[in-house]
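Structure first, commentary second.
The values are calculated or read from the model by the stated rules, or taken from the named source; none is laboratory data. Only a predicted model underlies this, so the values are computations on that prediction, with no experimental measurement involved. Neighbour counts are summed over all protein chains in view; Cβ atoms, including those assigned to glycine, are modelled from backbone coordinates with ideal geometry. In case anyone asks, the SASA skips ligands and DNA or RNA and just uses the protein heavy atoms, side chains included. Shrake-Rupley method; radii C 1.70, N 1.55, O 1.52, S 1.80 Å.
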Amino acid sequence: MKKVAFHTLGCKLNFSETSTIARLFQENGYQKVDFSQPSDVYVINTCSVTANADKECKQIVKSALNVSPDAFVVVVGCYAQLKPEEISNIEGVDLVLGASEKFKLLNYLNDLQKKSKAEIYSCEIEEANFFVDSYSFGDRTRVFLKVQDGCDYNCSFCTIPLARGSSRSDTILNAVKNANEIATQDVKEIVLTGVNLGDFGNNSSKEGNRKQETFLDLVKELDQVEGIERFRISSIEPNLLKNETIEFVSMSQKFVPHFHIPLQSGSNKILKAMRRRYMRELYSDRVSTIKSLMPHCCIGVDVIVGFPGETDEDFLDTYNFLNGLDISYLHVFTYSERDNTDAISHTNVVPIAIRKKRNKMLRILSAKKLRHFYEQHLGTTRTVLFEGDNKDGFMHGFTENYVKVKTPYSPALVNQLKDVVLKELDADGSVLVDLLVEEFVS
Ligand code: SF4
């Protein structure tokens, strides 16, 4: 059996797509091995958001060829769509596939002989206008289910629409079929993923023969799926998170009380320069609506620091806005110039040192918010999905409202949903728990 190994960079969407491509290899007689092992083919699924995508990709190719110098190396993903030539010049790469070709990878594998010059099969991103469904399986306790791809927005700092194309999505029928398929594999939690998830169904209006479907329609249908205990919405734009969706989640037994909502800046001036589609008032409205219906709900926030033109006052605006919001944690990104974006030509560039300082300040704020959120729930009973890790004799899991917990490792708990009492904060930032004993014994 020929061997194949995968390495994925970037978002949940990339992990779901790598997993689907891996299943195609296995269905065609390949044995999947760990990336650190000798292999005949190495597939690297890249990301375009990370600043050092090129350096990272070079290192990963090198590490693969250190193990198997004659292996056939394939690079796919967002970086491959944006910079195929650049990747083809990386020593050891044999094949570069763009967004529309990555799922047909097996068609490009012939004799697996290494190439003196990498072959590129890519297209203009406008041609990658069809939806290919995918879901991750086997690598993690929670499964990432892709239901949407691409984006029609044009935030001035973002390359994703250039790498993934226009917004398009699965049909509800097929998404439910995939969820049912996943349910047969002893999976308890599905994380819905996409590029602009809330825009689900956007293309249904473009394709005349398709019934208009919305994100809320999808959520309602998935809520009926048997065998899946939890659905988690990975990330959703604030202007696309409708109050009806929040209300539905607040009453659902399956959609968990956890929203991750990109804000990017707490300054309306900077939001305008970023070409975001809302002002901060809408964002705080969403947070108040969520907290009024689900006080225990976890709210995660994406924020970018150091965007061109961001003065100390603008940054303080963001800091104070976030500090005043009832949110749970932040994902803090430092603005980095990306080719072919509008923001790269913006003036008033913020010095790197300032960007780093602002990033640090928001990470400290995030730690404070998370600690406060966890402390609010100490003494309460929650349900945890335990994962399979065994770190120094302890295993971890997440409650429905995304509190990270830990308990002594027990194989019987792996991939199990258990009721626990949140006891106390542990030094590593997770929460120690008491399992509700009577259930454990049984
Ligand atoms: S919504 Fe904006 S930031 Fe998000 S993928 Fe689309 S263009 Fe990029």
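Observations on the structure shown:
- Around the amide H of residue 72, modelled in the peptide plane, lie the amide H atoms of 41, 42, all under 5 Å away and 5 or more residues distant in sequence or on another chain.
- Estimated FRET transfer efficiency when R0 is 30 angstrom, pair residue 360-residue 293 (beta carbons, to 0.05): 0.30
- Over the stretch 128-256, volume per residue of the alpha carbon convex hull, in Å³: 112 Å³
- Inter-site label distance for residue 54 and residue 323 at 7 Å from Cα along Cβ, in nm: 4.0 nm
- Amide proton proximity set for residue 191, modelled H, under 5 Å, gap of 5+: 143, 144, 145, 232
- Overall dimensions of the stretch 381-439, expressed as equivalent-ellipsoid semi-axes from the Cα gyration tensor (√(5λ), whole Å, largest first), are 14, 14, 10.
- Coordinate range of the alpha-carbon atoms in the stretch 331-442 per principal axis, descending: 64, 27, 24 Å.
- P(r) tail, the stretch 213-265: Cα-Cα pairs separated by more than 17 Å, 33% of all pairs.
- The count of lysine pairs in the stretch 128-256 with alpha-carbon distances below 19 Å, taking only pairs 8 or more places apart or on different chains, stands at 14.
- Exposure here means at most 15 other Cβ atoms within 10 Å; with GluC sites (Glu not before Pro) in a DSSP loop as sites, the longest stretch of the chain lacking them is 227-336.
- Of all accessible heavy-atom area on the chain, the percent that carbon and sulfur account for (1.4 Å): 51 percent
- The slack between residue 377 and residue 111, meaning 0.36 nm per residue of separation minus the straight C-alpha distance, is 90.0 nm.
- Inter-label distance, residue 36 to residue 282: 4.6 nm, where each label sits 7 Å from its Cα along the C-beta direction.
- Extension gain for the segment residue 217 to residue 70, taken as residue separation times 0.36 nm less the Cα-Cα distance, is 48.0 nm to one decimal.
- What the Cα atoms of the stretch 341-386 give is an Rg and a Dmax of 18.5, 52 Å.
- Under-5 Å amide H pairs with residue 167, H placed in peptide plane, nonlocal only: 151, 152
- As a length-normalised measure over Cα pairs under 8 Å and 6 or more apart, the relative contact order of the chain settles at 9 percent.
- Antiparallel %, DSSP beta bridges [both residues in the chain], to 5: 35 percent
- Checking Cβ-Cβ separations below 4.7 Å across the chain identifies 11, 47, 57, 78, 123, 151, 297, 298 as cysteines lacking any candidate disulfide partner.
- Globularity ratio of the stretch 112-155, using Cα Rg and 2.2 N^0.38 Å: 1.75
- At 1.567 mPa s and 4 °C, Stokes diffusion of the stretch 203-335 via Kirkwood alpha-carbon radius, µm² per second: 80 µm²/s
- Peptides 425-434, 71-80 ranked from most to least packed by the mean count of surrounding Cβ atoms within 10 Å: 71-80, 425-434.
- Taking every protein chain into account, the 1.4 Å probe leaves residue 55 with about 120 Å² of accessible area, to the nearest ten.
- Three principal axis lengths of the stretch 269-376 [C-alpha, angstrom, descending]: 43, 27, 24
- Along its first, second and third principal axes, ordered by size, the stretch 262-317 spans 37, 17, 16 Å in Cα coordinates.
- The Cα center of the stretch 32-89 and the Cα center of the stretch 107-129 differ in position by 14 Å.
- Extension gain for residue 139-residue 313 works out to 58.2 nm (0.36 nm per residue, less the C-alpha to C-alpha distance).
- Across all C-alpha atoms in the chain, the radius of gyration and Dmax reach 22.3, 65 Å.
- R0 of 30 Å, Cβ-Cβ distance residue 23-residue 392: FRET efficiency to nearest 0.05: 0.35
- Calculated FRET efficiency for the pair residue 428/residue 127, C-beta based, R₀ 51 Å, to 0.05: 0.60
- Distance histogram in 10 Å bins (all Cα pairs of the stretch 58-140, percent per bin): 17, 45, 31, 6
- Euclidean distance of C-alpha centroids, the stretch 256-308 and the stretch 393-411, integer Å: 28 Å
- Debye equation applied to the C-alpha atoms of the stretch 3-123, log10 I(q)/I(0) at 0.13, 0.14, 0.22, 0.23 Å⁻¹: -0.42, -0.49, -1.39, -1.55
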